[in-house]
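Q: Okay, handing you the structure first.
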Amino acid sequence: MIGLSMKHLRYFDALARIGHFGRAAESCSISQPALSVQIRELEDLIGAPLVERGGRQIRLTGLGEEFAGRTRAILRAVDELEDLGRAAHGPLAGRLRLGVIPTVAPYLLPDVIKALTRLYPGLDPRPREAITQRLIEDLAEARLDVAIVALPVSEPALEEIPLFEEEFVLVRPLDDAGKPVPASERLHEMRLLLLEEGHCFRDQALSVCNITAASTRDLMEGSSLSTLVQMVGAGIGVTLIPQMAVDTEIRSSAVCVSRLAEPRPTRTIGMVWRKTNPLAAQFAQVADIVRQAGLGKRGEALPPA
């Protein structure tokens, strides 16, 4: 089709995913009028409308829905062709879109980025923090190259590399420092603070405490580990946090941290990427860097896959 460009496809893909001209334009780093012009041009080239306009949110037409699916497949294939060329040049260089879950990013990402830029001067790391489900979706749609998540994710299209394990620790008000540490299964009897729904760490904490998702209505929630620890310091309740977060989060809070009884609850942190990505060998090197950074946070090493 004469005149159809990758720019048209990438702009339409952003609009189809986000469903809003203003936010889609922002994600593409262009103005909203410029995005509208590009979508109009695309529709003129196709010869039919792809978008139903009106109101704050847009809807795709029937043709637009089908076009969006094929557009994503084309963009994935183009990205993998670019990666194939990068793989042929040896050392990792260029853009690296790295996703990280929120309960890892603030504590591990700075060390990982420093190591990557030191070892690979030509690399351009572009980190993105998001919950696991969003990262997996972005990997599947080739909007990310790799992601650091808690395993398993059990997605057939993704390669999973376990890197290290870390404990969950109990955070209580400072006045509880001399009290016996309760057993994991008794934490549900206390005022337990949890991350809000969508965070995998929330589900892991519920599992540790033998709490079903259906019985969490009366539990208190926070948007981040920092919020949870501050709430504990204010005497509102207790919480669980991963060990790598301890040094950062308790620094200015009136709390005490205790290890739970054996068998201590842990989570496995790993890295995932699409099995079809030709940069798998380079990503394995990145995984080694993440593993070493995790060990620096007092994690326990797992054997390389």
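Q: Condition test on residue 261, is it small (Gly, Ala, Ser) and either without any contact (Cβ under 8 Å) to a residue 40 or more places away in the chain or under 15 Å from residue 171 (Cβ atoms) (or both)? So that I can check it myself, show each step before the final result.
A: Details: small (Gly, Ala, Ser): yes; either without any contact (Cβ under 8 Å) to a residue 40 or more places away in the chain or under 15 Å from residue 171 (Cβ atoms) (or both): no.
Criteria not met by residue 261.
Q: Need the failing condition index for residue 172 against (1) of a type in the set (D, E, K, R); (2) assigned to a loop (DSSP other than H, G, I, E, B); (3) touching a helix residue (DSSP H, G or I) at 6+ places or on another chain (Cβ under 9 Å), just the number.
A: Going through (1) of a type in the set (D, E, K, R); (2) assigned to a loop (DSSP other than H, G, I, E, B); (3) touching a helix residue (DSSP H, G or I) at 6+ places or on another chain (Cβ under 9 Å) one by one, residue 172 breaks only (2).
Quick grid of which residues meet (1) part of a loop (DSSP other than H, G, I, E, B); (2) of a type outside the set (Val, Ile, Thr); (3) over 19 Å from residue 103 (Cα atoms):
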| residue | (1), (2), (3) |
| --- | --- |
| 154 | yes, yes, yes |
| 203 | no, yes, no |
| 207 | no, yes, no |
| 236 | yes, no, yes |
| 245 | no, yes, no |
| 248 | no, no, no |
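Q: I need a count of the residues in the range 24-59 that are surrounded by 14 or more Cβ atoms within 10 Å (Cβ to Cβ) and either under 26 Å from the mean Cα position of the chain (by Cα) or assigned by TED's automatic domain parsing to the domain that holds residue 137 (or both).
A: The total comes to 6.
Q: Residue under question is residue 281, and the condition is that it be surrounded by fewer than 16 Cβ atoms within 10 Å (Cβ to Cβ) and within 30 Å of residue 114 (Cβ to Cβ); does it hold? Can you show your working first?
A: Values: surrounded by fewer than 16 Cβ atoms within 10 Å (Cβ to Cβ): yes; within 30 Å of residue 114 (Cβ to Cβ): yes.
Against the criterion (surrounded by fewer than 16 Cβ atoms within 10 Å (Cβ to Cβ) and within 30 Å of residue 114 (Cβ to Cβ)), residue 281 qualifies.
Q: Within the bounds of the range 117-139, is there any residue that is assigned by TED's automatic domain parsing to the domain that holds residue 242, over 19 Å from the mean Cα position of the chain (by Cα), in a helix (DSSP H, G or I) and not aliphatic (A, V, I, L, M)? Let's see the steps before the verdict.
A: Taking the range 117-139 and keeping what is assigned by TED's automatic domain parsing to the domain that holds residue 242, we get none.
No: zero hits.
Q: So residue 96 clears everything in (1) more than 25 Å from the chain's Cα centre (by Cα); (2) at pLDDT 90 or above except one condition, right? Which one?
A: (1)
Q: Give the residue, chosen from 274, 172, that is on the phi < 0 side of the Ramachandran plot and in contact with a Leu (Cβ under 8 Å, 6 or more places away or on another chain).
A: On the way: 172 fails: in contact with a Leu (Cβ under 8 Å, 6 or more places away or on another chain).
Among 274, 172, only 274 is on the phi < 0 side of the Ramachandran plot and in contact with a Leu (Cβ under 8 Å, 6 or more places away or on another chain).
Q: With respect to residue 301, is the statement that it is under 18 Å from residue 164 (Cα atoms) and at pLDDT 90 or above true?
A: Taking the combined requirement at face value, the residue does not satisfy it.
Q: Applying the selection to the range 103-145, what residues are among the hydrophobic types (A, V, I, L, M, F, W, C) and closer than 19 Å to residue 197 by Cα? Even if it seems obvious, please write down each step before you answer.
A: To start, the set of residues in the range 103-145 that are among the hydrophobic types (A, V, I, L, M, F, W, C) comprises 104-105, 108-109, 112-113, 115-116, 119, 123, 130-131, 135-136, 139-140, 142, 144.
104, 105, 130, 131, 135, 136, listed by residue number.
Q: Still on this structure, I have one more. Those residues that are of a type in the set (S, T, N, Q) and assigned to a loop (DSSP other than H, G, I, E, B), I need them from the range 1-58; list them, please.
A: If the condition is that a residue be of a type in the set (S, T, N, Q) and assigned to a loop (DSSP other than H, G, I, E, B), then 5, 29, 31, 57 are the ones that fit.
Q: Now a separate question. Kindly indicate whether any position in the range 115-135 is at pLDDT below 85 and buried (at least 17 other Cβ atoms within 10 Å of the Cβ).
A: No; the residues of the range 115-135 include none that is at pLDDT below 85 and buried (at least 17 other Cβ atoms within 10 Å of the Cβ).
Q: How about the range 239-259: which of its residues are out of contact with any Leu (no Cβ under 9 Å at 6 or more places or on another chain) and farther than 15 Å from residue 109 by Cβ?
A: Here is the first cut: in the range 239-259, the residues out of contact with any Leu (no Cβ under 9 Å at 6 or more places or on another chain) are 243, 246-247, 250-252.
Passing the criteria: 243, 246, 250, 251, 252.
Q: List, please: which pairs have Cβ atoms under 9 Å, are six or more places apart or on different chains, and start with a residue in the range 163-180 that is under 9 Å from residue 258 (Cβ atoms) and end with one that is crowded, with 23+ Cβ neighbours inside 10 Å and not hydrophobic (A, V, I, L, M, F, W, C)?
A: These pairs meet every condition: 169/242; 170/239; 171/239; 171/249; 172/239.
Q: Can you find a residue that is at pLDDT 90 or above, crowded, with 17+ Cβ neighbours inside 10 Å, under 26 Å from residue 287 (Cβ atoms) and under 23 Å from the mean Cα position of the chain (by Cα) anywhere in the range 230-239?
A: The answer is no, given that none of the residues of the range 230-239 is at pLDDT 90 or above, crowded, with 17+ Cβ neighbours inside 10 Å, under 26 Å from residue 287 (Cβ atoms) and under 23 Å from the mean Cα position of the chain (by Cα).
Q: Let me ask you something else. Sort out which residues of the range 1-23 are of a type in the set (A, V, I, L, M, F, W, C), within 19 Å of residue 79 (Cβ to Cβ) and in contact (Cβ under 8 Å) with a residue 12 or more places away in the chain, and write them in order of number.
A: Kept after step one, since they are of a type in the set (A, V, I, L, M, F, W, C), are these residues of the range 1-23: 1-2, 4, 6, 9, 12, 14-16, 18, 21.
From what's left, within 19 Å of residue 79 (Cβ to Cβ): 4, 6, 9, 12, 14-16, 18.
Once the filter is applied, which keeps residues that are of a type in the set (A, V, I, L, M, F, W, C), within 19 Å of residue 79 (Cβ to Cβ) and in contact (Cβ under 8 Å) with a residue 12 or more places away in the chain, the range 1-23 yields 4, 6, 9, 12, 14, 15, 16.
Q: I need every pair where a residue in the range 127-145 that is within 11 Å of residue 200 (Cβ to Cβ) has its Cβ under 6 Å from the Cβ of a residue that is buried (at least 18 other Cβ atoms within 10 Å of the Cβ), sequence separation at least 6 or different chains.
A: Listed pairs, sorted by first residue: 131/199; 132/101; 132/149; 132/200; 135/99; 135/147.
Q: Of all residues in the range 249-265 being among the polar types (S, T, N, Q) and either at pLDDT 90 or above or touching a helix residue (DSSP H, G or I) at 6+ places or on another chain (Cβ under 6 Å) (or both), which is surrounded by the most Cβ atoms within 10 Å (Cβ to Cβ)?
A: Applying the first criterion (among the polar types (S, T, N, Q)) to the range 249-265 yields 252-253, 258.
This time we only want the ones that are either at pLDDT 90 or above or touching a helix residue (DSSP H, G or I) at 6+ places or on another chain (Cβ under 6 Å) (or both), so: 253, 258.
Numbers: 253: 18, 258: 16.
In this case the residue turns out to be 253.
The values are calculated or read from the model by the stated rules, or taken from the named source; none is laboratory data. Fair warning: this is a prediction, and the values are worked out from it, not measured in the lab. Methodologically, a virtual Cβ is constructed for each residue, glycine included, from the backbone with ideal geometry; neighbour enumeration extends over all protein chains shown.
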